[in-house]
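Scroll down for the structure; my scribbles are underneath it.
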Amino acid sequence: MKQKRCILVIDDKSQSAVINGIRSKLSKDFDLDFIAIRTGAAEFKKDDSEDLDVVKLKTEIESRIKGKHLDIALSDFDLECPYFTGLDTVHMVHDIRDNVSFFVYSGNWNKVIASVVGQEYQKASIEELVGGVNKLIKAQIIDCIERADYQEILIDYLKKDKGNSVEHRLASLLRANGEMKFESCFPEFKGMTFNEIAEMIDSHSDARSDEWIEAVLAQTIAYLVKVNNG
């Protein structure tokens, strides 16, 4: 059975060739759902302007990932916009779904470092450099990679199957029956759809989702014990 993975890719240019290459190389083992957002597209321009409209961009991202479990996201750093970079993209996505891990790629790492540490980063103090690194860590950026390498790095990441946690699998299974309503073992979620519970798990928007997982697992173990005892 193929493993399903959902991947968000944000770039100012089309990434269809790279996406098709990844799909081709992993087609035997994975069913890949790519959500590709091109920030340079006309629909993300401000009215009567060539400038990026970040509100339109955020609305589109929110709409495209709604009801889906994101396994990983990637963003180009240089989006050809003077006031919006890949790091801004990371923060924007985290406003919608705060537990998403990112790869950020670039063909100009001098520009990235200058943005994170400061334009005079060659003269930066240890404290300033550490502060820049901490910005990346807090943004849940797994790695900063060369643009030309991101296809192979993503393939390696998916092959290692790092996204296969209990929470990930449970959210995926819930969404497979998304419109069904929950009725048992956790009264506070009674009447909620499986999609709604999956969204809670993914977004960590309600601490009760952890309690719900524990209740479901406990009920599963109790059922297994009952079956084993005949």
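Here the 3J(HN,Hα) profile of region 20-36, calculated from phi with Karplus coefficients 6.51, -1.76 and 1.60 at θ = phi - 60°, is 5, x, 5, 4, 4, 6, 10, 4, 6, 10, 10, 9, 9, 10, 8, 9, 9 Hz, Gly and Pro shown as x. Treating r as the C-beta distance of LYS56 and SER125 and R0 as 41 Å, the FRET efficiency rounds to 0.55. In order along region 55-71, the phi-based Karplus estimate (6.51 cos²θ - 1.76 cosθ + 1.60, θ = phi - 60°) of 3J(HN,Hα) comes to 5, 4, 4, 5, 4, 5, 4, 4, 5, 6, 9, 4, x, 10, 8, 8, 7 Hz; Gly and Pro are listed as x.
The peptide list 51-58, 100-107, 185-192, put in order of mean Cβ contacts within 10 Å with the highest first, becomes 100-107, 51-58, 185-192. On the beta carbon distance between ALA42 and LYS181, with R0 = 45 Å, the FRET formula returns roughly 0.65.
Taken together, the values in this text are just the output of simple stated rules run on the coordinates, not laboratory data. Keep in mind that this is a model prediction, so the values were computed, not measured. All Cβ positions, even for glycine, are placed from backbone atoms using ideal geometry, and neighbour counts span all protein chains on display.
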